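Questions regarding the structure given below will be posed in turn.
The values are calculated or read from the model by the stated rules, or taken from the named source; none is laboratory data. Every value quoted in this text rests on a predicted model; they were computed, and no experiment measured them. Ideal geometry is used to build each Cβ from the backbone, glycine not excepted, and the neighbour counts take in all protein chains shown. To get the accessible areas, we keep the full protein, side chains included, count just its heavy atoms, and leave off ligands, DNA and RNA. Shrake-Rupley method; radii C 1.70, N 1.55, O 1.52, S 1.80 Å.
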Amino acid sequence: MPSPSCCPRCRDQSPQLISVSPVPGCWTVHACRVCLYSWRSTEPSQVTDADLYPAAFRIESDDIPSFPVMPPVPDLRGPTPSQEP
């Protein structure tokens, strides 16, 4: 199973192999250290091939530091008894 030459999303040239199938040759999982995108080798070409990855979802690695920080997800369970007034 060939290793990808670049990340499909940001085109960084050093994607990492992070996991392999317990059944030899079945699938691999790769990840990008730059944009944190990860993909399995068995996914469609639009997900695994940088030339086919949708342009609307591509990112430039130079833009990553300016991305907004995601706000924390609020606790949906409500206050605990010790937090009630």
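To the nearest 20 Debye, how big is the dipole of the chain about its Cα centre, given +1 on the beta carbon of each Lys and Arg and -1 on that of each Asp and Glu? Mind dumping the intermediate values first?
Working: 6 positive and 9 negative charges, 42 e Å.
Its charge dipole is roughly 200 debye.
Counting only protein heavy atoms and a 1.4 Å probe, tell me what percentage of the chain's accessible area is made up of carbon and sulfur. Kindly include the intermediate steps, with their values, before the conclusion.
Numbers: 3790 of 6620 Å².
Accessible surface attributable to carbon and sulfur in the chain totals 57 percent.
Rounded to the nearest 10 Å², what accessible area does residue 36 show when all protein chains are kept and the probe is 1.4 Å?
Counting only protein heavy atoms, residue 36 exposes about 140 Å² to solvent.
Just reorder 23, 29 by solvent-accessible area, largest first, 1.4 Å probe, all chains present. All intermediate terms of the calculation are to be shown ahead of the outcome.
Working: 23 90, 29 30 Å².
From most exposed to least exposed: 23, 29.
So for 9, 77, what's the accessible-area order with a 1.4 Å probe, most first? Kindly include the intermediate steps, with their values, before the conclusion.
Details: 9 55, 77 215 Å².
Output order, biggest surface exposure first: 77, 9.
Still on this structure, please answer the following. Quote the accessible area belonging to residue 39 in square angstrom, nearest 10, computed with a 1.4 Å probe and with ligands, DNA and RNA left uncounted.
Rounded to the nearest 10, the figure is 10 Å².
Right, next: First select every other residue whose beta carbon is under 13 angstrom from the beta carbon of residue 27; then total the charges, Lys and Arg +1, Asp and Glu -1.
Details: positive: 40; negative: 43.
Computed value for this residue: 0.
Tell me, what is the 1.4 Å probe accessible area of residue 63, in Å² to the nearest 10?
Approximately 70 Å² for this residue.
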